[in-house]
Amino acid sequence: MELKKILSNRSTKFLTLLLTSMLIATASAALYDYMFQTGTIGVQAMTLEWQKGADNATAGTQIAGVTASLTTLKGPPNGTRVYTDPVRLKNKGSPVTFDLLIDTVSGNTVNMSSIIVRLYSLNTTAYIENVTVWSNGAKGSDHTGLNIPLNHIWRFEWEIKWKSTAVISDQVTVNLKVRVPA
Amino acid sequence: MQALDWTGKKVAPTILPEFFVLLGTDLFLLLSLLTCLLEDKFPKALPYVFQVAAVIGFGHLMISKEFLGVFGEYMRFWYCFFYLLVALINIVAINVRFATSQKAWILAKAWAGTVTFPTIMISVFFVSNYGYVSSAEFPLLLLQVGLVIAAVMIGVSAVIFLSPDILPKLRRSKEVK
């Protein structure tokens, strides 16, 4: 009887401690997990940066951190306008491979004939890539695996063609993204 | 044009310094349960004392979470490591208590093999790993020393386990000389 009582006391005590232990361990682990998620995300050092090109005034180039905006690009109806150097991309770090994504093309696209962005190296003057942003009534395809060497600067040449039906109030907004795979 | 997507590169080590508090908390909980099972050998309140120590560890984590941006990683590491050290000291102290004041040799050996040795090894592993990832240097080549001690302990334990009469034999041979 005495042994039974002792065992019963001990098992009750053990069960109570086990339950509280599980509670404390779970709460601690959850808190650590929360801290791990919030505490480990840092900011990657920027190796690519936008720079204003020679045509920045006519193109209305504005650079704010990782975003470059070309605010006053214009083209005549039924004609072509080329901005040879509105914005540049400089690689400050080690060689970087990046993707140029055509995110969105919106606005009066029915009157837009084509938008083409051509990439040239300022260091070697070599032609790098032809990026069709808009042509034949459709968005162009993304360009991946573009490799920019250390300390190289690429200029982005913009070629804009409106259709003859375009009017002065027509506007098209293009959003391009440069993605550096982690 | 929008450039340079937010890639969120991980810059912190793969384990946070608070991991040592988590480990220490778990060790205190383990001690609480084991001292409850061996309650004849310890004061009745001891399991509860260890539970309170574990709750303190939880509080430790709460403080770290609230002041994550204020405390530097160096400070966080040291107060977390100190907590783990206290837990390990308790484990070793119980081992010593078994071996000395209670003369419970079998229990002391079992405790050393199943609790003291593994917990110390796990702690050494994680501290070394943390030091390696954070490019911090720990004195006395902690990992190497830990591994040597572990190897010696495993060796001695294996010998004693396989031939339990080796210790009396050694003692007798010393007496003869």
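The values are calculated or read from the model by the stated rules, or taken from the named source; none is laboratory data. Just so we're clear, the structure is a prediction, and the values are computed from it rather than from any experiment. As a convention, Cβ positions derive from the backbone with ideal geometry for all residues, glycine included, and neighbour counts pool all protein chains shown.
Just to be sure I understand the filter: pairs with C-beta atoms under 7 Å, separated by 6 or more residues or on different chains, first member in the stretch B:124-140 and closer than 14 Å to residue B:80 by Cβ and exposed (fewer than 14 other Cβ atoms within 10 Å of the Cβ), second member among the small types (Gly, Ala, Ser) and modelled with pLDDT of 80 or more. Which pairs pass?
Taking only residues 6 or more apart or on different chains, not a single pair turns up.
How many residues are part of a helix (DSSP H, G or I) and either charged (D, E, K, R) or farther than 22 Å from residue B:129 by Cβ (or both) when one looks only at the stretch B:63-82? Give the derivation first.
Taking the stretch B:63-82 and keeping what is part of a helix (DSSP H, G or I), we get B:63-66, B:73-82.
Cutting the leftovers down to either charged (D, E, K, R) or farther than 22 Å from residue B:129 by Cβ (or both) gives us B:63, B:65-66, B:73, B:76.
Count: 5.
Assess whether residue A:19 counts as being at pLDDT below 85, assigned to a helix (DSSP H, G or I) and either loosely packed, with under 11 Cβ neighbours inside 10 Å or of a type in the set (Gly, Ala, Ser) (or both). Show your work before the answer.
On the way: at pLDDT below 85: no; assigned to a helix (DSSP H, G or I): yes; either loosely packed, with under 11 Cβ neighbours inside 10 Å or of a type in the set (Gly, Ala, Ser) (or both): yes.
Taking the combined requirement at face value, the residue does not satisfy it.
Can you confirm whether the stretch B:54-77 contains a residue that is closer than 19 Å to residue B:124 by Cα and touching a Pro at 6+ places or on another chain (Cβ under 6 Å)?
yes
To keep it simple, each residue is scored yes or no on (1) aliphatic (A, V, I, L, M); (2) assigned to a strand (DSSP E or B).
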site: A:73; (1), (2): yes, no
site: A:88; (1), (2): no, yes
site: A:99; (1), (2): no, yes
site: A:103; (1), (2): no, yes
site: A:116; (1), (2): yes, yes
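Assess whether residue A:45 counts as being among the aliphatic types (A, V, I, L, M), at pLDDT 90 or above and not in a strand (DSSP E or B). Even if it seems obvious, please write down each step before you answer.
Working: among the aliphatic types (A, V, I, L, M): yes; at pLDDT 90 or above: no; not in a strand (DSSP E or B): yes.
Here the answer is no, as residue A:45 does not meet what is asked.
Looking only at the stretch A:88-117, how many residues end up being under 27 Å from residue A:167 (Cβ atoms), within 14 Å of chain B (Cβ to nearest Cβ) and either among the acidic types (Asp, Glu) or surrounded by 15 or more Cβ atoms within 10 Å (Cβ to Cβ) (or both)?
Counting residues in the stretch A:88-117 that are under 27 Å from residue A:167 (Cβ atoms), within 14 Å of chain B (Cβ to nearest Cβ) and either among the acidic types (Asp, Glu) or surrounded by 15 or more Cβ atoms within 10 Å (Cβ to Cβ) (or both) gives 5.
In this structure, does residue A:94 turn out to be outside any strand (DSSP E or B) and either at pLDDT below 90 or not basic (Lys, Arg) (or both)? I'd like the intermediate steps shown before the answer.
Values: outside any strand (DSSP E or B): yes; either at pLDDT below 90 or not basic (Lys, Arg) (or both): yes.
Considered against the rule, which asks whether it is outside any strand (DSSP E or B) and either at pLDDT below 90 or not basic (Lys, Arg) (or both), residue A:94 comes out as yes.
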